[in-house]
1. From the list 28, 103, 47, 23, which one is surrounded by fewer than 18 Cβ atoms within 10 Å (Cβ to Cβ), of a type outside the set (Ser, Thr, Tyr) and within 13 Å of the chain's Cα centre (by Cα)?
2. For the structure I just gave you, tell me whether residue 124 is at pLDDT 95 or above, in contact with a Leu (Cβ under 7 Å, 6 or more places away or on another chain) and polar (S, T, N, Q).
3. Filter segment 120-147 for residues that are touching a His at 6+ places or on another chain (Cβ under 8 Å) and assigned to a helix (DSSP H, G or I); which is surrounded by the fewest Cβ atoms within 10 Å (Cβ to Cβ)?
4. List the pairs whose first member sits in segment 55-69 and is touching a residue at least 24 places away in the same chain (Cβ under 8 Å) and small (Gly, Ala, Ser), whose second member is surrounded by fewer than 16 Cβ atoms within 10 Å (Cβ to Cβ) and not in a helix (DSSP H, G or I), and whose Cβ atoms are under 7 Å apart, counting only residues at least 6 apart or on separate chains?
5. Identify, by number, the condition in (1) modelled with pLDDT under 95; (2) part of a helix (DSSP H, G or I) that residue 117 doesn't meet.
6. What about residue 64, is it part of a helix (DSSP H, G or I) and at pLDDT below 95?
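The values are calculated or read from the model by the stated rules, or taken from the named source; none is laboratory data. Just so it is clear, the structure is predicted and the values come from calculations on it, not from any experiment. Cβ atoms come from the backbone with ideal geometry, glycine included; neighbour counts cover every protein chain shown.
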Amino acid sequence: MSATRKPASRTFSDEEKAAMRERAREQRAEARTKDDAAAGEAEALARIAEMPQSDRILAERIHALVQANAPSLSAKTWYGMPAYARDGKVVCFFQPAGKFKTRYATLGFNDAAHLDDGAMWPTSFALTELTPADERRIGTLLKKAAG
């Protein structure tokens, strides 16, 4: 092993290792329940229900915003987080602050969202609360992302 390389056991945090195990479990479940949108939504809602109150409030609002503004997206979990997909590809996701012990939650968009705006655009947003103006902005992004 070179002097600049970390030992494999310290490469990923405990939270990152747990997220990878969660993703492997999700992929096995997806293979068993292919095309079962109800199962994906139930799992996402169960994960939201398990969150600490501050994260849960935000996640519930994001879920409602997705349903209202991008009903074509299917709820599922992705690395143990609520996510919303089109044709099996995650378009956006909610990362609770508690997931990786950060000071804010994150609403993220993957490349399947096609939110391109010139040569540079944001792909994630820090969330500590949601105002009506924030919800309108997120709604607009979701409509564009769902395309």
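1. Within the list 28, 103, 47, 23, the selection yields 23.
2. For residue 124, the condition - at pLDDT 95 or above, in contact with a Leu (Cβ under 7 Å, 6 or more places away or on another chain) and polar (S, T, N, Q) - is met.
3. 144
4. As it stands, the answer is none, since no pair meets every condition given.
5. The one condition residue 117 does not meet is (2).
6. No: the conditions fail for residue 64.
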